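J.: Take this structure first; my questions come after.
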Amino acid sequence: MKNTAYRIFKKPFFGRFMKPWRWPEDVDQAQWQRLTIDSRSGASLAALLAQARTATAKGAVLMCHPMGTAAKGFWLKYGHAELLRAAGYHVMLFDLNGFGESSSTTMDFPLDVLAAGQVLQARYPDLPVAVAGASMGAAMSVCALAERDHPFSAAVLESSFPTLLHFWSRYPIPKLGIQLSKLLYPAGERRLRPLHAAARLVGQPKLLLIYGEDDIYTPVEDGKQLHAALASSTHTEFWQVPGAKHTHAYEAQPEAYARRVIAFLDNHLACHA
């Protein structure tokens, strides 16, 4: 009954994105191992795991997708996963609950990030673990960093909204749903609010925030607000990307993205290796 209520509540937010999942074209499926992960959200999460393409691995990176029918396939379609594998990182992709091939339960998406991260760390106990997220995936990753048992030493976060209302205020029905949730279930809304999590980070993970100058959904101004909150808690870098639309910094500036992201991970995961 509870999950049915959540599925109804989710519909105005995510209904158009919750479609059957397909592999992106031109992806060698044999490179990826399928996993199923149990989340404290109650969901069964679908995940893919691939090894680094280098002789030795420097770490492991969990990748948390933005909203969209591609779900975990976003990282395959646009090349992020292969960039990290080539740079010496094991990579895990997964679907947040209700997206892709994962079952749909509650709105406790940070618990999905936490569960996937813990499984990744258990798979590679001697390596440091980072999380990379985009849009919704970035925001939920920030919230997961406030969970006491998260495994992440660093995070690359692109196009994260500071609060749900920052993103959804332009959509009347979702906006109303969030406003009602703040009245009826304020604790639940706070758990999904990156600005709330920013003051409660666990373990001082190092952060890289990325925002595109052409992003109309999570504009640079929103990013600066979140940056100010996070920078008061931990080392936080900010990269404003010319010509980049929402979640597409790599597409807009591929060479600069590769240099910046890989250098960040190399620098901040090396001390935890």
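J.: Suppose only helical runs count, i.e. DSSP H with n ≥ 4. What mean residue ellipticity at 222 nm does that imply for the chain under -39500 (n - 2.57) per run, divided by all residues and rounded to the nearest 500 deg cm²/dmol?
T.: Calculated at 222 nm, the ellipticity per residue is -11500 deg cm²/dmol.
J.: For the chain, just say rounded, prolate or oblate: build the C-alpha gyration tensor, square-root its eigenvalues into a ≥ b ≥ c, call rounded for a/c under 1.5, and beyond that prolate if a/b exceeds b/c, oblate if not.
T.: It comes out rounded by the Cα gyration axes.
J.: Of all DSSP beta bridges located in the chain, what percent are antiparallel, nearest 5?
T.: 25
J.: Around Ala154, which amide H atoms from residues at least 5 apart in sequence, or from another chain, sit under 5 Å from its own amide H, with H modelled in the peptide plane?
T.: Val131, Lys206
J.: For the cross-link pairs Lys58/Lys245; Lys224/Lys245; Lys58/Lys206, which exceed 25 Å when the distance is taken from alpha carbon to alpha carbon?
T.: Lys58/Lys245
J.: In nm, give the distance between the simple-model label positions of Glu82 and Arg148, each being 7 Å from the Cα along the Cα-to-Cβ direction.
T.: Going from the Glu82 label point to the Arg148 one covers 4.4 nm.
J.: Out of residues 5 or more away from Val61 or on other chains, whose amide H comes under 5 Å of its own, with H placed 1.01 Å from N in the peptide plane?
T.: Under 5 Å from the amide H of Val61: His90, Val91, Met92, Ala130.
J.: Moving on. Take the Cα of Thr36, step 7 Å along the line toward its Cβ, and report every residue of region 122-150 whose backbone nitrogen sits under 14 Å from that point.
T.: Of the residues in region 122-150, none has backbone N under 14 Å from the label point off Thr36.
J.: Report the extension gain between His235 and Arg259 in nm, rounded to one decimal, defined as 0.36 nm multiplied by the number of residues separating them, less their alpha carbon distance.
T.: 6.7 nm
J.: Can you tell me how much longer the chain between Arg200 and Gln179 gets when fully stretched, taken as 0.36 nm per residue apart minus their C-alpha distance, in nm with one decimal?
T.: Between Arg200 and Gln179, full extension yields an extra 5.3 nm.
Readers should treat all values here as calculations from the given coordinates under stated rules, not as data from a laboratory. Just so it is clear, the model here is predicted, and its values are computed rather than measured. FYI the Cβ positions are ideal-geometry reconstructions off the backbone, even for glycines, and counts take in every protein chain you see.
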